[in-house]
1. Rank the residues A:166, B:25 as a footprinting-exposure proxy: fewest other Cβ atoms within 10 Å of their Cβ go first.
2. Report the calculated FRET efficiency for residue A:127 and residue B:34 (r = Cβ-Cβ distance, R0 = 41 Å), to the nearest 0.05.
3. With no solvent and one equal point scatterer per Cα, compute the Debye intensity ratio I(q)/I(0) for the stretch B:5-67 at 0.16 Å⁻¹ and report its log10, rounded to two decimals.
4. Give the residues of the stretch A:50-67 whose amide nitrogen is closer than 14 Å to a point set 7 Å from the Cα of residue A:81 in the direction of its Cβ.
5. Please compute the contact order of chain B in relative form: average sequence separation of alpha-carbon pairs under 8 Å and at least six residues apart, divided by the residue count, as a percent.
6. Taking Cα atoms of chain A, Rg/Rh with Kirkwood Rh, to two decimals?
7. Compute the relative contact order of the stretch A:7-264 as a whole-number percentage, counting only Cα pairs closer than 8 Å that sit 6 or more residues apart in sequence.
8. On C-alpha positions alone, give me the angle between the axis of helix A:101-110 and the longest principal axis of chain A, in degrees, nearest 10.
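Derivation of every value follows stated rules applied to the coordinates shown; laboratory data play no part. All of these numbers come straight from a predicted model, not from anything done at the bench. For neighbour counting, all protein chains shown are included, and Cβ atoms are generated from backbone atoms with ideal geometry for every residue, glycine included.
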């Protein structure tokens with residue numbers, strides 16, 4: 001199928017700003033699904049609120065646009081009722097780890113087969129550039145004009161600690177890696193977390209004098225390195241990208257089905 | 001596998017927002033922004049059909065169309 005077969009063309013051009021990284025995630029996601037050869041009917045996309053969450057309106061899958069931070073709760077309901085479907089939950093950093101922080105860790109703990117894609121642009125873009133739990137200390141935001149003092153979460157470490165059985169990180173610069181990782185994440189039988197470092201040139205980039213989309217993407221190339229690379233030893237500040245965790249553990253829907261069988265055993 | 005031969009860059013001017021990502025990251029400097037800030041392929045003969053512009057376009061506005069190649073024997 002061609003790219004345009006996966007999108008709702010009537011909503012294009014999309015609402016994201018020029019150079020927004022979320023568009024590149026949309027692009028990568030389409031490539032991943034295309035490579036998998038999945039039918040649009042086999043995929044359910046559930047999103048919450050935020051710039052990133054608008055992606056569910058653009059994809060021509062079964063889609064639910066739900067409430068802020070609660071996409072994973074809705075997705076859990078969808079997956080439990082129809083475990084044969086592939087459920088993908090695209091989220092922003094605020095949606096996933098601030099408003100939806102508890103849903104995030106508990107979905108990971110349960111190891112339910114859902115693919116969570118965290119599009120991390122380190123800011124609340126849609127509402128005007130407020131700092132998020134991923135903004136990080138020293139950065140500027142509309143609500144932190146004298147610089148932010150909040151420490152940030154590490155999405156990968158948090159997902160690992162919460163029990164996610166597939167954890168990966170990539171960026172909007174590394175588009176081939178992004179498509180490959182999303183593909184593996186969708187195929188994984190368990191809770192998968194993919195952090196995609198994304199750029200918000202409008203708020204994060206401009207406020208922090210990081211330039212436009214091109215400069216922000218060049219920066220992502222400079223500040224990241226593949227997992228276990230030599231460069232990381234020389235410069236520990238580099239952010240690693242790749243697949244950190246890929247584990248085989250009991251999946252929630254399969255376990256739940258066994259409970260149903262056991263409970264029905266006497267009838 | 002045979003090398004892909006470029007046919008055309010299909011650019012959707014309605015969708016292109018002129019962010020310049022395709023222009024900046026093209027390894028062969030094939031693309032430019034025109035006076036309306038829309039991407040155009042100006043050095044088509046240099047294109048190696050790597051499709052990095054297509055894959056990195058946030059607006060799904062560019063497609064690298066290649067001629068069908070018979071696989072090398």
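1. B:25, A:166
2. E between residue A:127 and residue B:34, to the nearest 0.05, is 0.75.
3. At q = 0.16 Å⁻¹ the computed log10 ratios are -0.41.
4. Output list for this probe position: A:63-65.
5. Computed value for chain B: 46 percent relative contact order.
6. Checking Rg against Rh, the ratio lands at 0.98.
7. Rounded, it is 19 percent for the stretch A:7-264.
8. Tilt of helix A:101-110: around 40 degrees.
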